[in-house]
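The values are calculated or read from the model by the stated rules, or taken from the named source; none is laboratory data. The shown structure was predicted, so the numbers you read here are calculated from the model rather than taken from an experiment. Backbone-built Cβ (ideal geometry, glycine too); neighbour counts: all protein chains shown.
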């Protein structure tokens, strides 16, 4: 016995076959949405990291143009700070105080680099302090436009290189996005 539904067809295919094809198509479209959402989230995260990276890198690169003067190390300690969240342990940050003179004014500085480094082991921070013993004479690099901004080591630090790599990461995510997301979906 033929029912009206089983006898109807489009281009020789029964209607129920057409419906199963269209449901397969909608599944594949829905499977692409998580990929696009993931890429958008990755791109937003990368942009945020890159904004922070650009900020620190701009200061570190600007330090190459700083003027040089002589200074003296007046203090050096390792600051211990408990890690926040679920991480166990502490971070150790070397803190160095120094004085220097610009245009007859004595100024006090604390920065080794523009991006302070923290370490997971105290001996790593102590190794940095050993480079700047209390009482030693050092070169201090200061911003001529704002002499209160100073560092003992100018240029890009280890963390600056990390931030530089993060900037490169943006380009990588963008290339993946161009490769994975179909052109019709981007428009």
Self-check item: Filtered residue count, the range 83-94, keeping only those that are touching a residue at least 12 places away in the same chain (Cβ under 8 Å) and surrounded by fewer than 15 Cβ atoms within 10 Å (Cβ to Cβ)
Solution: 1
Quiz item: Given 42, 125, 62, which one is part of a helix (DSSP H, G or I) and closer than 30 Å to residue 145 by Cβ?
Solution: 62
Quiz item: Of the conditions (1) modelled with pLDDT under 90; (2) more than 19 Å from residue 55 (Cβ to Cβ); (3) part of a loop (DSSP other than H, G, I, E, B), residue 184 fails just one. Which one is it?
Solution: (3)
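Looking only at the range 100-114, decide whether some residue is surrounded by 12 or more Cβ atoms within 10 Å (Cβ to Cβ), part of a loop (DSSP other than H, G, I, E, B), in contact (Cβ under 8 Å) with a residue 12 or more places away in the chain and in contact with a helix residue (DSSP H, G or I) (Cβ under 6 Å, 6 or more places away or on another chain).
Within the range 100-114, one or more residues are surrounded by 12 or more Cβ atoms within 10 Å (Cβ to Cβ), part of a loop (DSSP other than H, G, I, E, B), in contact (Cβ under 8 Å) with a residue 12 or more places away in the chain and in contact with a helix residue (DSSP H, G or I) (Cβ under 6 Å, 6 or more places away or on another chain).
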